[in-house]
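Participant: Here's a structure for you.
Read the figures in this text as sums done on the coordinates, not as results from a lab. Everything numeric in this text was worked out from a predicted model, so none of it was measured. With ideal geometry, Cβ positions are generated from the backbone for all residues, glycine too; neighbour counts draw on all protein chains shown.
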Amino acid sequence: MALGFQDDEFQKVCKELEEPQVAGWEFFTESHGVTIYRLFNEKSGLYQYKIYGTLDDVDPQVCADVYMDLEYRRQWDTYAKELQEIEADGKKLIYWQVNFPFPLWNRDYVYSRELRTLDYQGKQMWVVLARSEATPSLPERSGVVRVDDYVQCAVLSTDGKVGTKAYMHYYDNPGGNIPTWLINWGAKVIKIGIFTSGH
């Protein structure tokens, strides 16, 4: 299967965990040991997010396993109407449909995702990269809006004790006629929930 991620992309994310690059970013919120910064995207009117935190009592290998476990996510994520691994256009991809409240249409994502375990400056790190993919063989469904601008990465390492030090970068543009203020407001709750729940 074709993979779309390069080695330097993984290295860049590892560096972000050790040396946070937040110059020019706005502090957004802090809760439950998680700190979030955001950066305004003038083209979309939305924000991208950088999230830093620790999970005190879970080691990074377990965090990585949970993060990658689609079956487990289907159990706890009530917004995930569909979530499965698929093959399309010569790639191994993830299909994810998200329940949106009435009268909004559901959104769906088709994205590539890769996990690598790396040695970075003498530390073992688990790095996950994900981004939306164009898939001509998987057209949009009627009544569902396809999200074609989605990027997420995460890196996990030991906190030096028994827990995990973690970093996540997240951006998506759900499209459609949703007010940008509503999207940005919801991001505050959603991003903390994703981080602390493992996805």
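Participant: Rounded to the nearest 20 debye, what is the charge dipole size of the stretch 23-126 about its Cα centre when +1 sits on each Lys and Arg Cβ and -1 on each Asp and Glu Cβ?
Facilitator: It works out to roughly 360 debye.
Participant: I've got another one for you. Name the lysines eligible as straight-distance cross-link partners of residue 123: C-alpha to C-alpha under 23 Å, and not fewer than 8 places from it in the same chain.
Facilitator: Within the straight-line limit of under 23 Å, residue 123 reaches these lysines: 12, 15, 50, 161, 165.
Participant: For the chain, what is the relative contact order in percent, using Cα pairs closer than 8 Å and at least 6 residues apart in sequence?
Facilitator: Reported as a whole number, the value is 23 percent.
Participant: Of 144, 129, 154, which is farthest on the positive side of the dipole of the stretch 63-174, counting Cα position, with +1 on Lys and Arg Cβ, -1 on Asp and Glu Cβ, and the Cα centre as origin?
Facilitator: 154
Participant: Using θ = phi - 60° and the Karplus curve 6.51 cos²θ - 1.76 cosθ + 1.60, what whole-Hz ³J(HN,Hα) does each residue of the stretch 37-45 get, with Gly and Pro shown as x?
Facilitator: Residue by residue, the stretch 37-45 yields 10, 9, 9, 6, 9, 5, 5, 9, x Hz.
Participant: If you take every residue apart from residue 146 with its C-beta less than 12 Å away from the C-beta of residue 146, what net charge results, scoring Lys and Arg +1 and Asp and Glu -1?
Facilitator: Net of charged neighbours comes to -4.
Participant: Compute a Gaussian network model of the chain, connecting alpha carbons closer than 10 Å, and tell me which residue from 23, 88, 130 fluctuates the most.
Facilitator: 23
Participant: Could I ask something else about it? About its Cα centre, how strong a charge dipole does the stretch 10-63 have in debye, to the nearest 20, once Lys and Arg get +1 and Asp and Glu get -1 at the Cβ?
Facilitator: It comes to approximately 360 debye.
Participant: Using 7 Å Cα-to-Cβ label points, what is the residue 65/residue 102 separation (nm, one decimal)?
Facilitator: Rounded to a tenth, the inter-label distance reads 4.1 nm.
Participant: In sequence order, what are the phi-derived ³J(HN,Hα) couplings for the stretch 13-21 according to the Karplus relation 6.51 cos²θ - 1.76 cosθ + 1.60 with θ = phi - 60°, rounded to whole Hz, with x for glycine and proline?
Facilitator: Listing the rounded values in order: 5, 4, 4, 5, 5, 7, 9, x, 9 Hz.
Participant: Whose amide H sits under 5 Å from the amide H of residue 100, counting only residues 5 or more places off or on another chain, with H placed in the peptide plane?
Facilitator: The answer is 106, 107.
Participant: Using Cα pairs closer than 8 Å and at least 6 residues apart in sequence, work out the relative contact order for the stretch 15-72, in percent.
Facilitator: Dividing the mean separation by the residue count of the stretch 15-72 yields 21 percent.
Participant: With +1 on each Lys and Arg Cβ and -1 on each Asp and Glu Cβ, and nothing else charged, work out how big the dipole of the stretch 93-138 is about its Cα centre, in Debye to the nearest 20.
Facilitator: Charge dipole of the stretch 93-138: 100 debye, to the nearest 20.
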